[in-house]
1. Could you grab me the full set of residues in the stretch 37-63 that are among the acidic types (Asp, Glu) and without any contact (Cβ under 8 Å) to a residue 12 or more places away in the chain?
2. Which residues, counting only those in the stretch 75-109, are of a type in the set (A, V, I, L, M) and assigned to a helix (DSSP H, G or I)?
3. Working only within the stretch 131-152, note down all residues that are part of a helix (DSSP H, G or I), of a type outside the set (Lys, Arg) and closer than 18 Å to Ser259 by Cα.
4. Are any residues in the stretch 193-243 modelled with pLDDT of 90 or more, among the hydrophobic types (A, V, I, L, M, F, W, C) and outside any helix (DSSP H, G or I), and if so, which ones?
5. Which residues, counting only those in the stretch 48-69, are at pLDDT 85 or above and aliphatic (A, V, I, L, M)?
6. Please work out which one of (1) modelled with pLDDT of 90 or more; (2) hydrophobic (A, V, I, L, M, F, W, C); (3) under 23 Å from the mean Cα position of the chain (by Cα) is the condition Leu96 fails and give its number.
7. Looking at (1) more than 21 Å from Ser145 (Cβ to Cβ); (2) buried (at least 17 other Cβ atoms within 10 Å of the Cβ), which is the one condition that is false for Leu195?
8. Within the stretch 10-42, count every residue that is assigned to a strand (DSSP E or B) and farther than 13 Å from Ser85 by Cβ.
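The values are calculated or read from the model by the stated rules, or taken from the named source; none is laboratory data. From a predicted model like this one, the values you see are computed outputs, not experimental measurements. Backbone-built Cβ (ideal geometry, glycine too); neighbour counts: all protein chains shown.
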Amino acid sequence: MQPERQLATVTTVLEPAMRRRLDAAAQGYFAAVHADSLPHALRTVRERPVQAVLLSPRVVGHDQLSIVGALVSRFPGVPTVALVSEHDPVSSERLLQLGACGVRRLVDVSTRDGWHKLRTLVVQPGGGTAALILGTVIPALGNPSEACRRFFELLVRTAPGVATVRALTRALRVRPSTFMSRFFRARLPSPKRYLAATRLLYAAALMEIPGFSVADVAYRLEYSSAQSFGRHVRAVLGATAGEFRQRYTLAVALDEYTSRLIVPYRATFRGFNPLHHGVSETGHVY
């Protein structure tokens with residue numbers, strides 16, 4: 001039986017007023033662990049499956065920038081986000097310094113849709129890892145049809161929470177039999193193979209985070225147990241979960257993914273339409 005799904009968790013280093021505003025905006029979307037200091041936040045990321053670290057530029061001292069750099073470099077799969085509520089010279093200067101430390105995400109909650117953007121960033125499937133994967137996969141497709149490009153975008157963004165092709169077709173809003181037959185007719189690898197390989201990209205990214213155990217990775221990808229995740233890794237790669245962790249970084253997994261599942265089929269992708277109904281010359285929908 002699947003464990004009850006819990007809210008995503010973030011850790012924060014914010015001033016008290018911002019903590020209260022964040023807690024109000026987060027209700028029903030994610031839970032916040034408020035750290036008293038950057039070392040406390042760093043410890044939380046090590047010990048808990050955290051989706052993001054939220055920092056207020058106003059409370060990060062100049063002498064703490066090295067800790068921010070450690071957060072960014074040691075936990076690349078956990079985005080560090082600058083959360084801005086006021087615009088003043090101190091905040092502006094600190095934002096530049098945070099950028100120099102590797103912080104690449106900023107959410108301005110003083111704007112009308114700021115809190116909505118923050119919720120989307122925290123709870124969207126895949127988060128920052130999806131952007132990293134798509135940044136490699138989409139260029140590797142070459143010159144695909146618009147529907148093919150859209151399929152890979154949707155596949156990558158939904159894969160963390162989708163374990164079967166049938167569930168994938170529900171997310172894509174296509175008929176399972178028609179969807180699978182299009183891959184067969186185009187002589188492409190099966191949708192099951194693409195989904196399994198894409199989910200393992202996320203597993204590789206999570207495995208790079210030292211604080212995450214195999215069980216943590218299995219939970220995040222919605223496997224029923226660590227054993228279920230291990231069986232999946234063995235079925236796809238012929239390796240144990242531990243061997244997978246030792247051999248595959250996200251960069252290595254992406255290189256293998258594109259070389260085996262993308263590059264050899266570029267010519268096919270130019271006319272491949274996996275998402276929408278087509279109409280033959282006789283008028284039949286297929």
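1. Scanning the stretch 37-63 gives a single hit, Asp63.
2. If the condition is that a residue be of a type in the set (A, V, I, L, M) and assigned to a helix (DSSP H, G or I), then Val90, Leu95, Leu96, Leu98, Ala100 are the ones that fit.
3. Leu132, Ile133, Leu134, Gly135, Thr136, Val137, Ile138, Pro139, Ala140, Cys148, Phe152
4. The one that is modelled with pLDDT of 90 or more, among the hydrophobic types (A, V, I, L, M, F, W, C) and outside any helix (DSSP H, G or I): Ala239.
5. Of everything in the stretch 48-69, those that are at pLDDT 85 or above and aliphatic (A, V, I, L, M) turn out to be Ala52, Val53, Leu54, Leu55, Val59, Val60, Leu65, Ile67, Val68.
6. Here Leu96 clears every test but (3).
7. Here Leu195 clears every test but (1).
8. Residues meeting the conditions: 8.
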